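> One structure coming up, written as structure tokens, with questions to follow.
The values are calculated or read from the model by the stated rules, or taken from the named source; none is laboratory data. For clarity, every value in this text was computed on a predicted model and none was experimentally measured. FYI the Cβ positions are ideal-geometry reconstructions off the backbone, even for glycines, and counts take in every protein chain you see. Just the protein is used for accessible areas: all its heavy atoms, side chains included, with ligands, DNA and RNA removed. Shrake-Rupley method; radii C 1.70, N 1.55, O 1.52, S 1.80 Å.
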Amino acid sequence: MAISLASLQHGGIDKPPRILIYGVSGIGKTSFAAAAPAPVVIQTEDGLGTLKVPAFPLAKSFQDVLDALASLATEAHEFKTLAVDSLDWLEPLIWQHVCQANGWKSIEDPGYGKGYVEATNLWRDYIDAINYLRDTIGMTIIQIAHTNIRRFDSPQSEPYDRYEIKLHKGASALVQEHSDIVLFANYRVATTKSEVGFKKEVRRAIGSGERILHTEERPAFLAKNRYGMPDAIPAPTAQEAWNNVAAAVPFFSPQQ
């Protein structure tokens, strides 16, 4: 394709968002995805419960996942949202595929992190496929993940613990890079002090069960967005959570 000044684009193109949502157990991550427009789910874990949403059969291999993505790319359908539930159950399928292809017993077999490097190549194949669905088919992408609490060695302060996505660090960085929104779902927590005698105080966590979606990174967790969202979005129900997120995304709410 010839490139010239005539090919300049003025302003961004409003595409469907690529959303990554992770958080504590039972917070409603899958319900959030089910509240999006016309969803279909690729299951790598049996996590739908009683949710009534179209879903592919439980994937038993990475090829099953690729086949499901290919069907959405090549067959006629009316789905508008793809949910992948979940990334941390997709990762063992990728490792299994890599090990079978190379004759390894485990992803650690080749040593020096080489297994994880090979796995990253398959993650790129997966990301290329979901990006195609977003860019060409016009589907919103929602990827679901669980959390780990890991030590973070900050160059600016003493080490501290933080919530992170439950993936190998290379895969985690890659899926974050290819996400427009990374949401950390948690309950709002406050602390209170009380005296226990002998001039000593203890701090206790208290909470009302209020659900929050965090959209900007803080020392305690990873998060990001490319839409200038508020740093915390109320999520009292899955549908309200989805509505509050969609309201900030130009694809769903074009600016006049």
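> Does residue 91 satisfy the criteria of being among the acidic types (Asp, Glu), part of a helix (DSSP H, G or I) and either in contact (Cβ under 8 Å) with a residue 40 or more places away in the chain or in contact with a Ser or Thr (Cβ under 8 Å, 6 or more places away or on another chain) (or both)?
Yes: the conditions hold for residue 91.
So that you can scan it fast, the table gives a plain yes or no per residue for (1) within 20 Å of residue 62 (Cα to Cα); (2) out of contact with any strand residue (DSSP E or B) (no Cβ under 7 Å at 6 or more places or on another chain):
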{"residue": "91", "(1), (2)": "yes, yes"}
{"residue": "106", "(1), (2)": "yes, yes"}
{"residue": "110", "(1), (2)": "no, yes"}
{"residue": "113", "(1), (2)": "no, yes"}
{"residue": "120", "(1), (2)": "yes, yes"}
{"residue": "132", "(1), (2)": "yes, yes"}
{"residue": "164", "(1), (2)": "no, no"}
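> Kindly indicate whether any position in region 177-192 is open to solvent by 80 Å² or more (accessible area, probe 1.4 Å), at pLDDT 95 or above and not aliphatic (A, V, I, L, M).
Yes, there is a match, as at least one residue in region 177-192 is open to solvent by 80 Å² or more (accessible area, probe 1.4 Å), at pLDDT 95 or above and not aliphatic (A, V, I, L, M).
> Taking region 27-58 as the search range and keeping residues that are part of a loop (DSSP other than H, G, I, E, B) and among the polar types (S, T, N, Q), which one is modelled with the highest pLDDT?
Among those residues, the one meeting the criterion is 44.
> Scan region 40-67 residue by residue and report those that are touching a Phe, Trp or Tyr at 6+ places or on another chain (Cβ under 8 Å), within 19 Å of residue 134 (Cα to Cα) and surrounded by fewer than 21 Cβ atoms within 10 Å (Cβ to Cβ).
The answer is 40, 54, 66.
> Suppose we filter region 225-236 for residues that are open to solvent by 30 Å² or more (accessible area, probe 1.4 Å), farther than 18 Å from residue 18 by Cβ and either free of Cβ contacts under 8 Å to residues at least 24 places away in the same chain or small (Gly, Ala, Ser) (or both); how many remain?
3
> Which of the residues that make up region 16-26 are open to solvent by 10 Å² or more (accessible area, probe 1.4 Å), in contact (Cβ under 8 Å) with a residue 24 or more places away in the chain and not in a strand (DSSP E or B)?
The answer is 24, 25.
> Answer yes or no as to whether residue 122 is out of contact with any Lys or Arg (no Cβ under 7 Å at 6 or more places or on another chain), modelled with pLDDT of 95 or more, part of a strand (DSSP E or B) and open to solvent by less than 60 Å² (accessible area, probe 1.4 Å).
no
> On the basis of being at pLDDT 90 or above, open to solvent by less than 60 Å² (accessible area, probe 1.4 Å) and either β-branched (Val, Ile, Thr) or part of a loop (DSSP other than H, G, I, E, B) (or both), does residue 141 make the cut?
Judged against the criteria, residue 141 is a match.
> Taking region 94-119 only, how many residues are surrounded by 19 or more Cβ atoms within 10 Å (Cβ to Cβ) and of a type in the set (A, V, I, L, M, F, W, C)?
Final tally of qualifying residues: 6.
> When you go through (1) in contact with a Phe, Trp or Tyr (Cβ under 8 Å, 6 or more places away or on another chain); (2) open to solvent by 10 Å² or more (accessible area, probe 1.4 Å) one by one for residue 36, which number turns out not to apply?
The number of the failed condition is (2).
> In region 237-255, which residue that is in a loop (DSSP other than H, G, I, E, B) and either surrounded by fewer than 14 Cβ atoms within 10 Å (Cβ to Cβ) or aromatic (Phe, Trp, Tyr) (or both) is modelled with the lowest pLDDT?
Here the answer is 255.
> Kindly indicate whether any position in region 79-90 is loosely packed, with under 13 Cβ neighbours inside 10 Å and either more than 30 Å from residue 109 (Cβ to Cβ) or not acidic (Asp, Glu) (or both).
no
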